[in-house]
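The values are calculated or read from the model by the stated rules, or taken from the named source; none is laboratory data. This is a predicted model, so every value here is computed, not measured. Backbone-built Cβ (ideal geometry, glycine too); neighbour counts: all protein chains shown. Please note that ligands, DNA and RNA were not included when accessible areas were found on the heavy atoms of the full protein model with its side chains. Shrake-Rupley method; radii C 1.70, N 1.55, O 1.52, S 1.80 Å.
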Amino acid sequence: MNLIFLGPPGAGKGTHAKMLSEKYEFTQLAAGDILRRNIKEGTKLGALAKDVIARGELVSDDLVNDMMFEEIKVLKIAKGFIFDGYPRTIGQAEALEKFLAKENIPLAAVVNFDASEAVLVDRLGGRRLCAVTGKIYHVRNMPPKKEGICDCHGQPLVIRKDDEPATILNRLKVYHESTKPLIEFYRKKGLLHDVPADGDAASVQKVLEKLFEKIR
Ligand code: AP5
């Protein structure tokens, strides 16, 4: 079963994509994670994306499309994938539609994480990450056992560069301008499922699991 997770920054796409991937053995394909990996490895794509991400803007459609198509081709996907944070523009969605049709890959559903702006700002402001695994924490909502330290590796937790307050506001603005129109794009195709995402992680996860049991 192949899915798209759509929603504003901080809505919980990454958190729940990871939780569901563990439970159902999906492959998580997170555009932001792949871009950050390229920055860390010093690739040409990473060099092109670095400043764009730091400003909270979108990397160009062509670069992101090629990156995601390449990722699908090289990975051995057994039980389906979750596109997390891709597509993010109408141009990306149209290119993806063509690619999936050409490769004969079906798309089961698009999950729209619907969260209020105040919740998003609070979540992004308190987000912390394990520098080794990318495991996501929140200082209050989902804290590690020991403050500032990852439960898995004992490494210090880090703050994402684009989680600075001014960059958060720009990312939200970019979401409204470029990504929100995808809700209607996929609703018209009968693929969209809205998931209220203001609740705590356990309750959102419950709604998602119920939805998957229905779609499967
Ligand atoms: P990306 O890394 O994808 O960032 P994003 O879409 O802005 O999404 P986030 O990762 O910030 O939020 P999320 O919804 O995954 O929330 P999370 O689960 O972490 O992209 C980064 C950048 O890369 C973009 O700005 C752009 O420049 C570029 N890029 C990426 N994709 C692109 C594309 N397709 N095209 C062009 N450019 C692209 O949760 C957030 C926090 O909340 C965490 O602390 C978590 O612990 C907490 N939390 C989560 N759920 C809950 C809950 N239910 N209750 C309480 N707390 C919760």
Every residue from region 64-81 that is under 17 Å from residue 98 (Cβ atoms) and not polar (S, T, N, Q):
64, 66, 67, 68, 69, 70, 71, 72, 73
Of all residues in region 1-31, count the ones that are touching a residue at least 60 places away in the same chain (Cβ under 8 Å), more than 10 Å from the ligand (Cβ to nearest atom) and surrounded by fewer than 23 Cβ atoms within 10 Å (Cβ to Cβ).
6
Of the residues in region 45-76, those that are open to solvent by less than 50 Å² (accessible area, probe 1.4 Å), part of a loop (DSSP other than H, G, I, E, B) and either more than 7 Å from the ligand (Cβ to nearest atom) or not aliphatic (A, V, I, L, M) (or both) come to 56
Complete set of residues in region 179-204 that are away from the ligand (no atom under 14 Å from the Cβ) and among the aliphatic types (A, V, I, L, M)
183, 191, 192
Unique match (being at pLDDT 95 or above, surrounded by 17 or more Cβ atoms within 10 Å (Cβ to Cβ), part of a strand (DSSP E or B) and under 18 Å from the mean Cα position of the chain (by Cα)) among 82, 34
82
Those residues that are more than 22 Å from residue 166 (Cβ to Cβ), within 15 Å of the ligand (Cβ to nearest atom) and open to solvent by 20 Å² or more (accessible area, probe 1.4 Å), I need them from region 94-118; list them, please.
94, 95, 97, 114
Looking at region 1-31, which of its residues are among the hydrophobic types (A, V, I, L, M, F, W, C) and assigned to a helix (DSSP H, G or I)?
17, 19, 20, 31
Please specify each residue of region 119-149 satisfying the condition of being over 19 Å from residue 13 (Cβ atoms) and either within 13 Å of the ligand (Cβ to nearest atom) or at pLDDT below 95 (or both).
131, 132, 139, 140, 143, 144
